[in-house]
Each structure stands twice: as structure tokens, then as C-alpha cells.
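Q: If you scroll down you'll find the structure; I have some questions about it.
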Amino acid sequence: MVRLTCLLRRKPGMTPVEFHDHWRDVHGPLIATTRSGSYVLRYEQHPRPLADYTGDDDPGYDGITVQWFESLEAYQASVAEPDFAVIWDDVSKFLDVDSLVPVVTEAPRLVFDKLGLPAPEA
């Protein structure tokens with residue numbers, strides 16, 4: 001199991017509300033409808049709370065996305081699908097692609113859990 005985690009920053013000129021609306025209502029559903037997205041076992045959006053912004057020009061990150069894949073090969077097959085271009089076209093509409101920070105990692109190791117949640121599957 002591998003995960004693609006990306007730090008996201010909205011495109012310049014886009015408000016936080018516009019960004020979060022597009023991410024939730026357009027981008028997430030788009031991934032679910034593509035062949036490229038069929039490799040994704042789990043897709044998570046971790047949005048920054050709107051109350052945390054100091055203004056529309058706040059330079060911080062706007063959220064984190066996490067995509068789970070069966071293997072590194074499945075991740076690579078996902079981005080190799082021809083319709084990945086459709087996803088990337090949408091990415092360029094609402095994300096500052098120059099500030100994307102993608103990291104591919106193995107399944108998490110549970111260090112501790114004070115909430116009593118189940119351990120992630122390896």
C-alpha cells in the first residue's frame with residue numbers, strides 16, 4: 001500500500017471559498033469518474049478551516065490531499081492513463097501547480113493513538 005500526499009495552495013487570485021468549493025464539488029468527483037481515478041482505493045481531502053485564514057491573500061497552504069493506492073505500480077499506472085490529462089487540466093484551474101508538494105509514502109506505521117481508532121491497514 002502506498003499513499004500520495006500533496007500539500008495544496010490555491011491558484012493566485014482565487015479566494016479560499018472558491019478554492020474549497022472547487023476542490024470539494026468539482027475536483028474530487030472528477031477523479032472518481034476517470035480511469036486514472038479507478039486506481040485510487042481511497043481519496044481524502046483535508047481542507048484548511050476557513051476560520052484559520054487571515055485574508056484572501058494568506059500565503060499558507062489550503063489543504064492536504066491523500067490518495068491511497070494498492071502499490072507503487074498502481075500509482076504509476078494511474079498517472080500513465082490517458083485521462084490523467086483531464087485531471088491535470090482541472091488541477092491547473094484551481095491549484096498553484098508550482099507550489100504543489102507531492103510525497104509518495106508507504107503505509108503508515110502507527111506510533112500511538114490516544115483516540116482508540118483502529119490501526120491503519122498495512
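Q: Of the residues that make up segment 39-46, is at least one within 28 Å of residue 109 (Cα to Cα) and touching a His at 6+ places or on another chain (Cβ under 9 Å)?
A: Within segment 39-46, the subset within 28 Å of residue 109 (Cα to Cα) is 39-46.
Restricting the remaining residues to those that are touching a His at 6+ places or on another chain (Cβ under 9 Å) gives 45.
Yes, segment 39-46 has at least one match.
Q: With respect to residue 23, is the statement that it is open to solvent by less than 70 Å² (accessible area, probe 1.4 Å), assigned to a helix (DSSP H, G or I), of a type in the set (Phe, Trp, Tyr) and within 18 Å of residue 5 (Cα to Cα) true? Steps first, please.
A: Working: open to solvent by less than 70 Å² (accessible area, probe 1.4 Å): yes; assigned to a helix (DSSP H, G or I): yes; of a type in the set (Phe, Trp, Tyr): yes; within 18 Å of residue 5 (Cα to Cα): yes.
In short, yes.
The values are calculated or read from the model by the stated rules, or taken from the named source; none is laboratory data. Keep in mind that what you see is a predicted model, and the values were worked out from it rather than measured. Don't worry about glycine lacking a Cβ; one is built from the backbone with ideal geometry, like all the others, and counts go over all protein chains shown. We work out accessible area using only protein heavy atoms, side chains counted, and drop any ligands, DNA or RNA first. Shrake-Rupley method; radii C 1.70, N 1.55, O 1.52, S 1.80 Å.
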